[in-house]
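Participant: Before we start, here is the structure in question, set down as structure tokens.
The values are calculated or read from the model by the stated rules, or taken from the named source; none is laboratory data. Worth saying up front: this structure is predicted, and the values here are computed from it rather than measured. Because the Cβ atoms are built from the backbone with ideal geometry, glycine has one as well, and the counts that use them run over all protein chains shown. Quick note on the areas: whole protein, heavy atoms, side chains included, nothing else; ligands and nucleic acids left out. Shrake-Rupley method; radii C 1.70, N 1.55, O 1.52, S 1.80 Å.
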Amino acid sequence: MIGAVIIIGIIVLLLAVVVIVRHQQKLAQRAHLMEEAIRNRDFTFRLPTRGMFFGEQAMQKTLNQLGETIREQVNRNEVESWERLTRVLTHEIMNATAPITSISQSLLCRQDVVGSPLEEGIQAIYDTSRHLSDFVTNYRKMSELEKPMLEEVNIRAMVEDISRTYPKLTWEITLPSDLLALADPGMLRQIMINIVKNAVEASARKVVVETITDMSEGSVGGNQLPLYIGNDGLPIPAENRQSLFVPFFTTKRGGYGIGLSLSRRMMIQQGGMLDLVDKPLKGCHVGFLLSLRS
């Protein structure tokens with residue numbers, strides 16, 4: 001009898017050791033995956049908490065949220081760095097183009113230039129310098145944002161109002177009628193219009209707007225409302241995805257590359273974030289995620 005009890009005890013102990021070893025191996029694998037994600041500057045890692053003890057679950061949730069916090073901080077720092085750089089660049093561009101515009105304009109008024117072979121070249125110099133000056137001036141106006149005035153905004157009502165501006169698009173709006181977010185109405189509307197305008201320019205026929213309810217644990221903070229805006233336009237090439245929110249980056253002929261970088265800045269000012277979705281929802285080729293304050 002005693003021998004049987006000892007054998008059962010040994011078996012139970014061995015099983016416990018096997019379970020503990022396997023559990024520790026899984027934890028080591030998690031640590032390795034997170035280390036690789038951080039090394040590759042991918043702070044969107046989300047690991048599930050199923051099959052973990054309550055203390056480990058709390059730790060994993062904290063690490064998931066920490067990755068989100070790091071990502072937000074990196075994006076904020078990136079936006080601030082680009083703002084400082086573009087502020088310097090626009091100042092230098094204005095200093096350089098102002099005398100060119102003034103001198104070329106004066107030359108075009110001279111009698112010995114009017115009707116001469118020089119007129120066409122000087123006119124081209126003048127037009128180019130004016131175009132560059134206007135571009136910098138418009139960017140300055142757009143980038144000098146006022147402090148957002150936050151209030152409760154009915155998201156569905158705003159999306160439906162914007163949809164009437166683009167009647168040629170097919171809209172799939174899956175939002176509760178009483179969905180509210182804390183935002184600056186003017187800024188939020190401009191952000192949504194920028195996203196839809198890009199979709200139209202990418203030959204989109206359909207726009208999908210819904211809240212994301214099945215995101216991985218810890219991907220969005222408890223006070224954040226994840227709003228998805230996707231479309232079936234041309235996919236964004238992999239080589240352009242990292243530069244999408246960089247000021248002045250554009251693949252469009254005649255584009256300025258301001259809309260999305262400015263939209264992200266406006267989202268950050270409201271305490272939110274604007275990101276490109278890695279895997280758009282079914283039926284969409286491109287998707288954006290707006291993290292709004294709920």
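Participant: Rank-order 115-125, 260-270 by packing density, defined as the average count of other C-beta atoms within 10 Å over each peptide's residues, highest first.
Facilitator: Descending mean neighbour count gives 260-270, 115-125.
Participant: Can you sort SER133, SER102 by 1.4 Å-probe accessible area, starting with the largest?
Facilitator: SER102, SER133
Participant: For ASP184, which sequence-distant residues (separation of 5 or more, or a different chain) have an amide H within less than 5 Å of its own amide H, given hydrogens modelled in the peptide plane?
Facilitator: Under 5 Å from the amide H of ASP184 lie the amide H atoms of GLU151, each far enough along the sequence or on another chain.
Participant: At R0 = 35 Å, how high is the FRET efficiency between ARG189 and SER81 if r is their beta carbon distance? Nearest 0.05 is fine.
Facilitator: The computed FRET efficiency comes out at 0.80.
Participant: At 222 nm, what helix-only mean residue ellipticity would the chain give, in deg cm²/dmol to the nearest 500, using -39500 (n - 2.57) for each DSSP H run of four or more?
Facilitator: That calculation yields -19000 deg cm²/dmol at 222 nm.
Participant: Another one. For the range 226-294, what is the accessible area per residue in Å² when the probe is 1.4 Å?
Facilitator: Accessible area per residue: 46 Å².
Participant: Between ARG110 and ASN240, what FRET efficiency comes out of the Förster formula 1/(1 + (r/R0)^6) with R0 = 45 Å and r the beta carbon distance, rounded to 0.05?
Facilitator: Here the calculated transfer efficiency is 0.45.
Participant: For each pair in LYS147/LYS197; LYS147/LYS168; LYS197/LYS282, compute the distance between the two Cα atoms and list the pairs where it is over 31 Å.
Facilitator: Pairs exceeding 31 Å: LYS147/LYS168.
Participant: Just to be sure I understand, if you calculate mean projected area of the Cα convex hull in nm² for this structure, which of (i) 22.7; (ii) 16.9; (iii) 15.6 do you get?
Facilitator: Answer label, from the structure shown: (i).
Participant: Could you please put ARG71, ARG110, ARG205 in sequence from largest to smallest accessible area, using a 1.4 Å probe?
Facilitator: ARG205, ARG110, ARG71
Participant: Ok, one more. Just to verify a number: FRET efficiency for THR211 and LEU276, C-beta to C-beta distance, R0 = 25 Å, to 0.05?
Facilitator: About 0.90, to the nearest 0.05.
Participant: Apply the Karplus parameterisation 6.51 cos²θ - 1.76 cosθ + 1.60, with θ equal to phi minus 60°, to every residue of the range 112-127 and state each ³J(HN,Hα) to the nearest whole Hz, in sequence, with x for glycine and proline.
Facilitator: 7, 9, 4, x, 8, x, 6, 4, 4, x, 5, 4, 5, 5, 5, 4
Participant: Rounded to the nearest 10 Å², what accessible area does PHE245 have for a 1.4 Å probe in the complete protein model?
Facilitator: We get 20 Å² for PHE245.
Participant: Rolling a 1.4 Å sphere over the protein heavy atoms, what is the accessible area per residue of the range 155-196, to the nearest Å²?
Facilitator: Heavy-atom accessible area per residue stands at 49 Å².
Participant: Show me the ranking of peptides 86-98, 5-17 by mean Cβ neighbours inside 10 Å, starting with the highest.
Facilitator: Packing order, densest peptide first, comes out as 86-98, 5-17.
Participant: Also, quick follow-up: Pop out the carbon and sulfur fraction of the accessible area of the range 78-127 as a percent, whole number, probe 1.4 Å.
Facilitator: Ligands and nucleic acids excluded, carbon and sulfur give 62 percent.
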